[in-house]
Amino acid sequence: MFRKIIKQTTRKEGEIIDITPEIIKAIRESKVQNGLVHLFVQHSTAALTTIEFEPGVLSDFRRSLWILAPDNVDYAHNTRWGDGNGRSHVKAALIGPSLTLPLGEGELMCGTWQQTVLLELDVNAGRERTIICTIMEN
Amino acid sequence: MFRKIIKQTTRKEGEIIDITPEIIKAIRESKVQNGLVHLFVQHSTAALTTIEFEPGVLSDFRRSLWILAPDNVDYAHNTRWGDGNGRSHVKAALIGPSLTLPLGEGELMCGTWQQTVLLELDVNAGRERTIICTIMEN
Amino acid sequence: MFRKIIKQTTRKEGEIIDITPEIIKAIRESKVQNGLVHLFVQHSTAALTTIEFEPGVLSDFRRSLWILAPDNVDYAHNTRWGDGNGRSHVKAALIGPSLTLPLGEGELMCGTWQQTVLLELDVNAGRERTIICTIMEN
């Protein structure tokens, strides 16, 4: 098992960051050829998924998340805690914090248009996010 | 590999149970220090995710699931089978049954506000739910 | 570790294919008795989940995906690229490409009404889809 902590600084709500290059770097450092790459984002207002990293799709994706958790309704979390990020928690719980990718011959076995992304969902900007990358060899 | 069956009795639709203490118990029993913890809920009307375990957030999350699968529309599943849980199946398929968490130095590597939860989505109350916890050492 | 490439030809948008028999075949070939089965669909307009494989539920599930990403709105991806599958990308990113299932005594440890399915979400029909099945023994 190889483990690496990936840090990403985000700037604003709705930001989507392609972390594929960081994952490839971790694979190179691990020297593992075949196995699984597990990713976990250690926060309740961020999430991980795969998507074609194209500005149009990213904007369409943000709109669908807005349907699920609109900006213009009240959130019980905000009423209780006043931190204004109720919608951020809801989106993160729906998409989920973890993702596992296959690794073959030292390469990520993803599709050409399938990048791994970190979703910054919090309304509070300028955060450092921690992603735990675990590479399992077998 | 260490495996433990976690049983949880649920009481009503929309109930969200923090199963983090049960996972920590399984980790202690396994004596594994580093690896991955895989969780799988063995039912088609329940799901697993991570969320801040705070009543306001949980209530906001339930409302978003309602947007996806409202209570007040007809479901083809209900028409065919008459068991009334069409919306439960839809929500469970969207969130998913499986979750993998990193384990380091004998501790779950989750964020402070990031609990692991079982979602009881079925309209039929008083069920015993089975979660399969597998700990992989490497 | 045992790895097998599963190929599935799909015919139309919204098609949901039960791939459980293919997974069981891979388990038999691997001869692995205990561990985890990881599945990954190598495309940005397809996804994997578990669901009761019953026509009513499948139809209810498609309707919920339509709420998230309706057919009758404009997509920035379509405007930029003209390939018409903006909604397909959004649905796939929300559900996700990966799934991990527990394996015990040579059998999938899923519920009776819990089948593993490939969702064909692309508007362009007649595609061959690749699912990478990795079986980890430990």
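Whenever a residue of the range B:74-102 is on the phi > 0 side of the Ramachandran plot, its partners that are of a type in the set (A, V, I, L, M), lying with C-beta atoms within less than 7 angstrom and at least six residues away or across chains, give the pairs B:GLY84/B:VAL123; B:GLY96/B:ALA47. Only residues that are within 27 Å of C:ASN85 (Cβ to Cβ) and touching a residue at least 12 places away in the same chain (Cβ under 8 Å) were counted in the range A:1-36, giving 10.
Please give the number of the condition A:ALA92 fails out of (1) within 12 Å of chain C (Cβ to nearest Cβ); (2) closer than 30 Å to C:ASN72 by Cα; (3) in contact with a Leu (Cβ under 7 Å, 6 or more places away or on another chain). With (1) within 12 Å of chain C (Cβ to nearest Cβ); (2) closer than 30 Å to C:ASN72 by Cα; (3) in contact with a Leu (Cβ under 7 Å, 6 or more places away or on another chain) applied to A:ALA92, the lone miss is (1). The residue that is farthest from the other protein chains (Cβ to nearest Cβ), among those in the range C:95-104 that are more than 25 Å from B:TRP66 (Cβ to Cβ) and small (Gly, Ala, Ser), is C:GLY104. Outside any helix (DSSP H, G or I), surrounded by fewer than 17 Cβ atoms within 10 Å (Cβ to Cβ), more than 9 Å from chain B (Cβ to nearest Cβ) and not hydrophobic (A, V, I, L, M, F, W, C), is that true of C:THR134? Answer is no for this residue.
The residue of the range B:45-81 that is farthest from the other protein chains (Cβ to nearest Cβ), among those that are more than 14 Å from the chain's Cα centre (by Cα) and aromatic (Phe, Trp, Tyr), is B:TRP66. When A:CYS133 is tested against (1) under 27 Å from B:LEU68 (Cα atoms); (2) in contact with a strand residue (DSSP E or B) (Cβ under 8 Å, 6 or more places away or on another chain), only condition (1) is not met. Tell me yes or no: at least one residue of the range B:65-81 is within 28 Å of A:LEU39 (Cα to Cα) and at pLDDT 95 or above. Within the range B:65-81, one or more residues are within 28 Å of A:LEU39 (Cα to Cα) and at pLDDT 95 or above. Filtered by the rule that a residue be surrounded by fewer than 18 Cβ atoms within 10 Å (Cβ to Cβ) and in contact with a His (Cβ under 9 Å, 6 or more places away or on another chain), the range A:61-83 gives a lone residue, A:ASP83.
Of all the residues in the range B:82-100, those that are within 13 Å of the chain's Cα centre (by Cα) and either more than 24 Å from B:LEU58 (Cα to Cα) or part of a strand (DSSP E or B) (or both) number 3. Residue pairs whose Cβ atoms lie under 9 Å apart, separated by 6 or more positions or on different chains, with the first residue in the range A:105-128 and away from chain C (no Cβ under 13 Å) and assigned to a loop (DSSP other than H, G, I, E, B) and the second surrounded by fewer than 14 Cβ atoms within 10 Å (Cβ to Cβ) and hydroxyl-bearing (Ser, Thr, Tyr), are A:GLY126/A:THR9; A:ARG127/A:THR9.
The values are calculated or read from the model by the stated rules, or taken from the named source; none is laboratory data. From a predicted model like this one, the values you see are computed outputs, not experimental measurements. With ideal geometry, Cβ positions are generated from the backbone for all residues, glycine too; neighbour counts draw on all protein chains shown.
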